[in-house]
Amino acid sequence: MKKYIAVAAFSLLLSAILLRAPGTYDVTENWLPWMLILKQEGLRAGYAQIGDMYPPGTAALLMLADRVLPTLPDLTVIDLLIGLAQLGAGIAFARRTTTGKALGFVAAIAVSGAGLAYLDVLYALPLLLALFAALDRHPLASAACYAVACLIKWQPLILLPFMVVIWLDQVQALPRRRAAAGLGLLSIAALFILAAFWPAIWLAFAAAMDSAPWSGDALNLAWLAQLVFGYPPEPLFLVTNHSKWLLRLLFAAIYLPILLAAIRTQRHDPARMLVFGMAGFAAYFLLGPSVHENHLFVPVVLGFVLWTRLPRLAPAVVATAALFNINLLLFYGLTGTSPLPRDGFFALLTGTIAALALAAFAFVLWLLWRATRLAKSTGAAGSPPLLEENFGRMMP
């Protein structure tokens, strides 16, 4: 009980301290106008009018919060919704780990959530439940919670191929009738949601896939390209599709071998399969085009979950959380605006951090390649301490 009280108190304290933070421009340009549209038009028609890049779960949560708290100002409703989501995720994570790790998790997501009012924290709880259910070998519950997370924001979909491999391996152990009933219910629910929000849900997904800038303030390879080809370092909205396709091909050239290596050597071990999934998401963040600064939220959540099972991953988890928060603070501080002028020093600083992140990622790929080779040489995919020892032992 003391653990839950400590985590809840810490989350509420951070929310209270950051309550007056205005958040990024998304609050005034997106969240507040969306709430007004949803009040006037309802969920289905309102979501169709929003016409943005988000799935309908975000709109549903905003509308639900407004219905529960109709007398409060919309900005207060958003702050309370984010604070509640942060609190719920922290307590859920605390159930599966130590007090220290749970406090670290809350601290890692607080700047994004309570500080800058990103909506990623809204899917933290279902994503946590999906990942822990996969680790506990409950594929149907994992798939259901994962679907909820993806209906709030699209970014968890980057993990989908890894999750599917885990689910397919685990569902074979279930009784056939139970597996068929579960898959049937999930399929019916998916078809119902698609029918209810079609074609708006597809248009939102297509818009998210075709976001304009090389890098939406993410410290990655595309950001380095923007520093070289577009100065000052602001998002370049007039870039050719050819340039973005080169980045997409580079991402695919790294992501697909990571996935194939995971399938060949780790498919029966969900924890180590998800280590490869974390590397695959890092490939998306560091190499893909049109990635935004808040998209690293997924591997932060995934990293903390894996830390409960693979303690040697601690350096990688801490590094991921640090990069996530440094990226946010450099561009938006705690007030929604950069604490530094976007001048030559800013370009040098952010470019150096992006280059270091890419170098660290290359090192991680080498570690995974080494672990994969050792797994093949033993002839036992995912043999007990194999990946943890050869990945974690070599971390600084």
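Answer yes if at least one residue in region 275-282 is buried (at least 21 other Cβ atoms within 10 Å of the Cβ), touching a Pro at 6+ places or on another chain (Cβ under 9 Å) and among the aromatic types (F, W, Y), and no otherwise. Scanning region 275-282 turns up at least one residue that is buried (at least 21 other Cβ atoms within 10 Å of the Cβ), touching a Pro at 6+ places or on another chain (Cβ under 9 Å) and among the aromatic types (F, W, Y). Mind checking whether some residue in region 67-85 is buried (at least 20 other Cβ atoms within 10 Å of the Cβ), at pLDDT below 95 and polar (S, T, N, Q)? No, there is no match, as no residue in region 67-85 is buried (at least 20 other Cβ atoms within 10 Å of the Cβ), at pLDDT below 95 and polar (S, T, N, Q). Those helices (runs of 4 or more DSSP H) of region 32-127 in which at least 3 residues are under 27 Å from I201 (Cβ atoms) and either in contact with a Gly (Cβ under 8 Å, 6 or more places away or on another chain) or of a type in the set (V, I, T) (or both), considering only elements entirely within it, cover 32-41, 56-68, 74-94.
Listed by first and then second residue, the pairs linking a residue in region 273-294 that is within 22 Å of L329 (Cβ to Cβ) and modelled with pLDDT under 95 to a residue that is acidic (D, E) and part of a helix (DSSP H, G or I), with Cβ atoms under 9 Å apart and 6 or more places separating them unless they lie on different chains, are N294/D120. Only one of the listed residues (L334, L340) is touching a Phe, Trp or Tyr at 6+ places or on another chain (Cβ under 9 Å), of a type in the set (A, V, I, L, M, F, W, C) and part of a loop (DSSP other than H, G, I, E, B). That residue is L340.
Looking at this structure, is D52 under 30 Å from L194 (Cβ atoms), among the acidic types (D, E) and modelled with pLDDT under 90? Yes, satisfied. Contact map, region 151-167: first residue assigned by TED's automatic domain parsing to the domain that holds V275, second residue surrounded by 21 or more Cβ atoms within 10 Å (Cβ to Cβ), Cβ cut-off under 9 Å, separation 6 or more or different chains; the map is empty. Just one of (1) assigned to a helix (DSSP H, G or I); (2) crowded, with 22+ Cβ neighbours inside 10 Å fails for V148. It is (2). For L36, the conditions (1) more than 27 Å from A147 (Cβ to Cβ); (2) under 25 Å from the mean Cα position of the chain (by Cα); (3) free of Cβ contacts under 8 Å to residues at least 40 places away in the same chain are fulfilled apart from (2).
In this structure, is G184 out of contact with any helix residue (DSSP H, G or I) (no Cβ under 9 Å at 6 or more places or on another chain), of a type in the set (G, A, S), in a helix (DSSP H, G or I) and not assigned by TED's automatic domain parsing to the domain that holds L256? Yes; evaluated as a whole, the condition is true for this residue. One residue alone among A59, A94, A45, A65 is outside the structural domain of L306 (by TED's automatic domain parsing) and touching a residue at least 40 places away in the same chain (Cβ under 8 Å), and that residue is A94.
The condition of being under 21 Å from L313 (Cα atoms) and in contact with a helix residue (DSSP H, G or I) (Cβ under 9 Å, 6 or more places away or on another chain) holds for only one of G100, G90, that being G90.
Working only within region 8-30, note down all residues that are surrounded by 22 or more Cβ atoms within 10 Å (Cβ to Cβ) and closer than 30 Å to W202 by Cβ. Within region 8-30, G23, T24 meet the criteria.
The values are calculated or read from the model by the stated rules, or taken from the named source; none is laboratory data. Please read these numbers as outputs of a predicted model, since none were measured by experiment. Glycine gets a Cβ as well: all are built from the backbone with ideal geometry, and neighbour counts include every protein chain shown.
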